[in-house]
Amino acid sequence: MKNLSRSSTGIDLNLIPVFIEVVRCGSMAKASLRLNMSRPAVSLALKRFGMLFNEPLFTRKGLFLDPTPHALQLTGEMEKLLGMIHDHIASTPVDGQSLPTPAAPEYAETTPAASTV
């Protein structure tokens with residue numbers, strides 16, 4: 001299997017959701033609120049993500065960031081990939097069974113009860 005870890009590729013996959021949220025919101029301030037991150041953290045993540053490409057991904061329009069056509073294309077592709085990853089993980093069986101969710105009755109049976117002190 002090919003090693004695609006951050007140490008071998010230099011790509012931090014945690015930057016992708018930040019990029020997608022900035023595209024959706026149109027500003028780092030709104031994205032920071034939705035991501036529960038500080039504005040400087042969102043700004044740094046966006047800068048690090050942008051360094052992976054040889055062209056700007058946004059143009060500034062006053063207080064807002066307007067995504068370039070390339071940024072919109074990337075966003076669509078990454079949203080599809082993240083959705084596929086999520087669906088795959090959610091549907092992966094464990095020992096021949098589907099993964100229990102906290103709302104499922106079998107989850108309560110397999111989760112140890114919390115003890116009170």
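The values are calculated or read from the model by the stated rules, or taken from the named source; none is laboratory data. Because the structure is a prediction, the values reported are computed rather than measured. Reconstructed Cβ throughout: ideal geometry from the backbone, glycine too, with neighbour counts over all protein chains shown.
Contact map, the stretch 66-77: first residue modelled with pLDDT of 95 or more, second residue of a type in the set (Lys, Arg) and surrounded by fewer than 12 Cβ atoms within 10 Å (Cβ to Cβ), Cβ cut-off under 8 Å, separation 6 or more or different chains; pairs are Asp66/Arg60.
Please verify whether the stretch 20-33 includes one or more residues that are surrounded by 12 or more Cβ atoms within 10 Å (Cβ to Cβ), in a loop (DSSP other than H, G, I, E, B) and not hydrophobic (A, V, I, L, M, F, W, C). Within the stretch 20-33, one or more residues are surrounded by 12 or more Cβ atoms within 10 Å (Cβ to Cβ), in a loop (DSSP other than H, G, I, E, B) and not hydrophobic (A, V, I, L, M, F, W, C). For the stretch 47-62, which positions are in contact with a strand residue (DSSP E or B) (Cβ under 8 Å, 6 or more places away or on another chain) and buried (at least 18 other Cβ atoms within 10 Å of the Cβ)? Selection gives Leu57, Phe58.
Within the option set Leu65, Leu74, Leu81, being surrounded by 14 or more Cβ atoms within 10 Å (Cβ to Cβ), more than 13 Å from Glu21 (Cβ to Cβ) and out of contact with any Leu (no Cβ under 7 Å at 6 or more places or on another chain) holds for one residue only, Leu74.
Please go through the stretch 16-38 and pick out each residue that is small (Gly, Ala, Ser) and touching a strand residue (DSSP E or B) at 6+ places or on another chain (Cβ under 6 Å). Selection gives Gly26, Ser27.
Inside the stretch 31-46, residues that are of a type in the set (D, E, K, R) and either within 16 Å of the chain's Cα centre (by Cα) or within 10 Å of Val18 (Cβ to Cβ) (or both) make up a count of 1.
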